[in-house]
Structure formats: structure tokens, C-alpha cells
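As C-alpha cells, the structure follows; a few thoughts come after it.
The values are calculated or read from the model by the stated rules, or taken from the named source; none is laboratory data. Just so you know, these numbers come straight off a predicted model, no measurement behind them. Positions of Cβ are backbone-derived with ideal geometry, glycine not excepted, and every protein chain shown enters the neighbour counts. Please note that ligands, DNA and RNA were not included when accessible areas were found on the heavy atoms of the full protein model with its side chains. Shrake-Rupley method; radii C 1.70, N 1.55, O 1.52, S 1.80 Å.
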Amino acid sequence: MSTLFKAVGEHLFLAYSALFVAIVIAIPLAVISLYNRYLASILLILANLAQAIPSFAVVAIVVPLLGIGFKPAIFAIILRIILPLFKNTYTGLKNIDHNYIDSAQGIGLNEREILFYVRFPNAYPAIFAGVKFAAVIANSVAIITSLIGAGGLGEFIYEGLTNLNMSKVLKGAIPAIIIAVLLDIGFTFIENKFTPEK
Amino acid sequence: MAISKKLFNKIDCVKIENVTKKYGHITAVNQISLEVCGGELLILLGPSGCGKTTLLRTINRLVEFDEGRILINGKDNRDFDPVILRKNIGYVIQQIGLFPHMTVRENIGLVPKMEGWSDAQITQKVKELLEIVSLPPEKFINRRPKELSGGQQQRIGLARAMVMDPSLLLMDEPFGALDPILRKQLQEEFIKIKEKLNRTIIFVTHDIEEAFRLGDRIAILKEGKLIQLAKKNELLVNPADDFIADIVDSKKKFKHLEDLTTSDIMIPLDKKYFFESDSSTDLVIESMVRKDIELGIVMQKGKLLGYIKLQDLYQKSDKNLKHFIKQSMVFEPLDSIALALSMMKEKNEFIAVVVEEKPIGILLTNEILSRLI
Ligand SMILES: Nc1ncnc2c1ncn2[C@@H]1O[C@H](COP(=O)(O)OP(=O)(O)OP(=O)(O)O)[C@@H](O)[C@H]1O
Ligand SMILES: [Mg+2]
């Protein structure tokens, strides 16, 4: 049992530290892109490409670059989720009814004030949707990264599968499913609480 | 936090000199020169696309123009920081643009908050402004824009534009999207506000009636050019060309008072204005807000009882609609307008109802007068 708790802990730590780092990078990147069209278009093209790459391939490609273990695993997860996070944040900040920007400028707000008081509140739903999506992916990629020695619940699943030990597979899979469900409920709750109805 | 200083306490003159703004091949504003005097309300009038909005926005530099210059009290508006300039110039945009995620208080109080005002100061100022635009503060201060009718949103837009006490106010078709009767009511209210506040106002419209009702002087634009800038009467007597003659012609046909009947000048009523006297006040308020009207005709068993005004319904909480009904004068469609007008003036009535079996239209005294100028 204690090994299971340890695995759950590893899994959560892996997925959520990656998610955290990705958010911390993606949001400022989205803000900078708002004022730099070239950066924005490059990142958007990358983001669209990244959508198409299977998570498994992302994990695989990290190994020749960084080897195996916990750090390459976090890196792989960040790599997998950062672009979708960026894309959602950027489009949320960018796609705002122009009238709001117009009246914000008209009453004398500066760019920074418009960003924080008008663009961000308008973008919250999109940002939340992005974070939720990224969390789901991080959760599943954190299972795959067990293959490159990052530990966690995936280890149970893969070991169980190779030894045809079904109870071991379930020991890994059931907590993973529970985490995914709780995650969804939790995010939906936060989303409803913090996004103002229009 | 830097507190922006007041750039001008009073407008002596806004001088627009040879201003041109091009968008690609389109010359939105073409070599326009005009002067706005302190304290006046200048109308920019003209058909859609003639450059009214663009010209208005060169003044607070939401549009950076290509040629010419604009002097406010003798100072070039490009010498100011644009953000500070805009804090000193009230601006009401065509589409209102209240922030949907903020309450009325937050919308109006946003710039003061950026300027470091205390919460108490903001609340007090917001309440003051809500009073000015005839919205009971306790009822409205915490609402969000989606809980307001179009007319109420428009009032908040005006309150927001006035929060920093700007001596210059730019208004872009503020009543353009409203129902005709409500538009007249708000114009009426706006005239009172304007007299009380004594600001310099530049007001865009493409409604000739509105221009004549509100303006001290009227500038008529066409395809980016200023065609004529004159007092109202001068436009009627001395139109600069056929284009202007055409525009003001619609007013001339009303010059023969004796031939006109109430049905020529009334504003027709449709179904949405009618309410039954046994409805509860709350439901009527809700319905008026939803329909975006502020005037209602109250009927009982097919008989006209009088009219109600949304503003009155907010004043006290009383379920019985009958307590809010005002008696109205009644005319027939073929009554002469001269008669109607003199009777309304005598009784000091603003509103009368035209009835042909049932109410079919509304007469507003000031509307009649403005059409007869
Ligand atoms: N940002 C812009 N980019 C390109 N063209 C523009 C822009 N803003 C205005 N124009 C063009 O400039 C001309 C004048 O537009 P403007 O909005 O000033 O007209 P308007 O008189 O305010 O019209 P309306 O009564 O419809 O509001 C139009 O031909 C319009 O298409
Ligand atoms: Mg316009």
C-alpha cells in the first residue's frame, strides 16, 4: 500500500509541477505575443503542429536529448502541454470584442490597465479551458513517462502488463482514473466559481 | 500611483486645422477645419461613412491623423500623453462598450480607481453621477450591464464618460440604437443634464431631428469633407448647396403649422407600449427593461387610463401599478397640431396620447416644437 501512495504522490507531483511550470511560461508568452505579431504567428503555427504529435512520440523524443528519469519526464510533459496552454491564453486575450478595447482606450486606460482589467477577465473562460485541457493531458502523459523511468502510477501499469498481472495493472489504473475524474470535477467547480457569467 | 493632472479646467476653444486621415485609398477625413467654442454643443451630422466618428476620434487621439493639427485651448493635442489626454476628455462610443464583467460601480469607477481614489470617494462619485442620469443609485450601483436595458446602459455610458469631470465631452451617436420614443425621452433628459453641467460637447449623429433638437451649431459632413458649419436657422435659410438643402428640407415641410394634424407629428405606438392596470409593478418594470422602453400606456378593459414612466416606477416600491399612472391629455388624429400644442403648453404637459378608438400615437411637446423650428 505504501508503494501505491508513493506512486500516487510521484504521479501527482510530476503532472502538476509540469502543469505549473507550463502555465508560468505560457501566460507571459501569450502576453508578449499580444504585442509581437511575429512571435505570435510562429508560436501559433507550432501550437497547431504540436496538437498533431502523439504524446508518446514527445516522450520518446526527449530520451535521446535528455536521457531518462524524472527531469526529462517533466520536460516531456511541459513540452506536450505548453503550446495548447499558450494558444488558449493567447486567443482568449486577443479575441475580445473591439468595442471593449475601444471604450477602455477612450476613457483613458493605458495598455497595462487594459490588459489586466479588460483583456484578462475576458479571457478567463478560455484560459481555464486551456488549463483544464492541459491538466488532462499532463495526467495521461505522466503515466507514459513511467516508461522512461520517472516512476509513478504508470510503473504499476506497465509492470502488470508485461507480467500479465492484472491486479497490478488495476492498482495503477484505478487511481489514475480516479485522479482524472476528480480533476475534471475540481476544474469545473473552479471554472464555474471564477468565470463571471456574461 | 501617479495622479494625472487636469489638463484644462475649462474649454475656451477646440481648433481643428486642416485635419486629414486616410485609410489606404479612402480619405475618411479630408482637410477639415473647424472651431468649437467653449460651452457649446457642436453637432457633426452626415450620412453613414462620411467620417464623423473618425473626426471625433482625432480629438482624443484614438485616431492618429496624417495631416493638420488640433489645438485645445491653443495647445497641440499631440503634445499631450494620449492616456492623460483621454482622461481629460469624456468619450461615449457608438456601441456603449460597458465592460460585461464589471458592475455599474466598477464600470464608472474604473478610471478613478486607477487614479488612486479611495473606495468611499468612488462610491460617492458614482452615486452622484447615477442621480444625474436619473437612475436610483441603490437600485443600480451593483448591477451588471446585462441586467440593464439599452437606455439604462446608455445612461451608464454617459456617467462613465463624466466621472473625471472632463470639460470636453465627445459623444458618438449615443442614442442611435434606441427606440424612437425612448430616444426623444433621453434627448430631453440630456438637454437638462447639459444645461446643468455646462460642458463643451461634440456630438455625432446622423439624425437631423436630433441635430436640430440638441445642437447649438451643426457641422455637416459628406465624404470626409466639411460642407457647412452654421447655426440651425442659417442652415434652413442659407443651405450651402443642394446636398444640405436636401438634408434640411425634411424639416421645412413642417413649417406650415396650420395645415398639420396630430397624426402627422405623433410617434406611432405599437403593442409593446401597452400595459394592463392590474399588472404588478415589478413585472411591468421587468417588461419595460426587456423591451427597452421607458414609457408605457396603461389600459383597463380596453380603456385608456394614462401613462407611466419607468423612472417613476423605481422611486417607491408599490405593487399597485395604478398608483404610478399619470393622466394624459387626449387628442384625436385630426385635431390640429396648433390646438394640441397650445393646450399642452397651457397645462404644462410634456406628453399627450392620440386616440382613435384606442391609443395610436404619442405627442411629445418638445418633439413638436423642434420640428417646427
Ligand atoms: N479603422 C479603419 N480602417 C479602414 N477604414 C476605416 C477605418 N475606420 C473608418 N474607416 C473608413 O473611413 C470612412 C469613414 O468612417 P467613419 O466611421 O468615420 O464614418 P461615420 O460617419 O462615423 O459613419 P457611421 O454613421 O456609419 O458611424 C468609412 O469609409 C470607413 O469605412
Ligand atoms: Mg460612426
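Near residue A:136, within a Cβ-to-Cβ distance under 12 Å, what is the net charge of the other residues, with Lys and Arg +1 and Asp and Glu -1?
+1
Of all DSSP beta bridges in the protein assembly as shown, what percent run antiparallel (nearest 5)?
60 percent
Ordering B:343, B:299 by accessible area with a probe of 1.4 Å, largest first, what comes out?
Of B:343, B:299, the descending order of accessible area is B:343, B:299.
If you take the beta carbon distance between residue A:170 and residue A:91 as r and set R0 to 51 Å, what does 1/(1 + (r/R0)^6) give as a FRET efficiency, to the nearest 0.05?
Result of the calculation: an efficiency of 0.80.
Sticking with the crude label model, points 7 Å out along Cα→Cβ, report the distance from residue B:15 to residue B:338 in nm, one decimal please.
The two pseudo-label positions are separated by 4.9 nm.
Count the net charge of all other residues whose Cβ sits under 11 Å from the Cβ of residue B:93, scoring Lys and Arg as +1 and Asp and Glu as -1.
So the surrounding residues net to -1.
Given just the C-alpha atoms of the range B:110-207, how large is their convex hull per residue in cubic angstrom?
Normalising the Cα hull of the range B:110-207 by residue number yields 106 Å³.
Just list whichever of B:21/B:222; B:75/B:113; B:21/B:232 have alpha carbons separated by over 23 Å in the model shown. Provide the component values of the computation, followed by the final result.
Working: B:21/B:222 14 Å; B:75/B:113 28 Å; B:21/B:232 28 Å.
Beyond 23 Å between Cα atoms: B:75/B:113; B:21/B:232.
Rounded to the nearest 10 Å², what accessible area does residue B:350 have for a 1.4 Å probe in the complete protein model?
50 Å²
Accessible area, 1.4 Å probe, largest first: how do B:25, B:101, A:11 sort?
Descending accessible area places them as B:25, B:101, A:11.
Hey, if we sort B:149, B:4, B:48 by accessible area with the 1.4 Å probe, largest down, what's the order?
B:48, B:4, B:149
Taking only C-alpha pairs under 8 Å that are 6+ residues apart, what is the relative contact order of chain B in percent?
17 percent
If amide H atoms are built 1.01 Å from N in the plane of the peptide, which residues on other chains or at least 5 residues away come under 5 Å of the amide H of residue B:29?
Here the answer is B:21, since their amide H atoms fall under 5 Å of that of residue B:29.
What number results when the radius of gyration of the range B:257-372, computed over Cα atoms, is divided by 2.2 N^0.38 Å?
On the way: Rg = 14.5 Å, N = 116, 2.2 N^0.38 = 13.4 Å.
Ratio of Cα Rg to 2.2 N^0.38 Å: 1.08.
Counting only heavy atoms of protein chains, what accessible area per residue, in Å², does the range B:128-242 have with a probe of 1.4 Å?
Working: 4170 Å² over 115 residues.
Per residue, the range B:128-242 has 36 Å² of solvent-accessible surface.
Given the whole protein assembly as supplied and a 1.4 Å probe, what does the accessible area of residue A:159 come to in Å², nearest 10?
In the full protein context, residue A:159 sits at about 80 Å².
Could you derive backbone 3J(HN,Hα) for the range A:70-78 from the dihedral phi with the Karplus parameters 6.51, -1.76 and 1.60 (θ = phi - 60°), listing whole Hz in sequence and x where the residue is Gly or Pro?
5, 4, x, 5, 4, 4, 4, 5, 4
I'd like the FRET efficiency for residue B:315 and residue A:21, computed as 1/(1 + (r/R0)^6) with the beta carbon distance as r and R0 of 56 Å, rounded to 0.05.
Using R0 = 56 Å, I get an efficiency of 0.45.
Amide H of residue B:269 versus every other amide H placed in the peptide plane: which residues, excluding those fewer than 5 positions away on the same chain, fall under 5 Å?
The answer is B:361, B:362.
Can you give the average number of partner chain beta-carbon atoms within 10 Å of each beta-carbon in peptide B:92-101, as a whole number?
Per-residue shielding by partner chains comes out at 6.
Kindly identify chain B as rounded, prolate or oblate by the Cα gyration tensor criterion: order the square roots of the eigenvalues as a ≥ b ≥ c, call it rounded if a/c is under 1.5, otherwise compare a/b with b/c, prolate if a/b is larger, else oblate.
In terms of gyration-tensor shape, oblate.
Take residue B:245 and residue B:267, extend 7 Å from each Cα along the Cα→Cβ direction, and tell me the distance between the two endpoints in nm.
The two pseudo-label positions are separated by 3.2 nm.
Please give me the summed charge of the neighbours of residue B:300: other residues whose Cβ is under 14 Å from its Cβ, Lys and Arg +1, Asp and Glu -1.
Around residue B:300, the surrounding residues sum to +2.
Simple spin-label model, 7 Å along Cα-to-Cβ: residue B:350 to residue B:139 in nm?
Between residue B:350 and residue B:139, the simple spin-label model gives 1.5 nm.
Return the Cα extents of the range A:2-194 along principal axes one, two and three, sorted largest first, each rounded to a whole Å.
Projected onto the principal axes, the Cα atoms of the range A:2-194 cover 68, 37, 23 Å.
Taking the Cα centre of each part, how many Å lie between the range B:296-358 and the range A:165-181?
Using only Cα atoms to place each centre, the spacing works out to 74 Å.
If I take R0 = 60 Å and measure r between the Cβ atoms of residue B:197 and residue A:5 in this structure, what FRET efficiency does the formula 1/(1 + (r/R0)^6) give, to the nearest 0.05?
That gives a FRET efficiency of 0.30.
Relative contact order of the range A:2-194, please, whole-number percent, based on alpha carbon pairs below 8 angstrom and at least 6 residues apart. List each step's numbers first, then the result.
Details: 223 pairs, mean separation 54.4, N = 193.
About 28 percent, as a whole number.
Average partner chain C-beta neighbours within 10 Å, per residue of A:112-123?
2
Can you pick out the pairs among B:22/B:184; A:193/B:184; B:192/B:291 whose Cα atoms lie more than 30 Å from each other? Could you put the intermediate results ahead of the total?
Working: B:22/B:184 35 Å; A:193/B:184 42 Å; B:192/B:291 25 Å.
Listed pairs above 30 Å: B:22/B:184; A:193/B:184.
Ignoring ligands and nucleic acids, what accessible area does residue A:116 show with a 1.4 Å probe (Å², nearest 10)?
Counting only protein heavy atoms, the figure is 110 Å².
Using 0.36 nm per residue of separation minus the Cα-Cα distance, give me the extension gain between residue B:290 and residue B:131 in nm, one decimal.
55.0 nm
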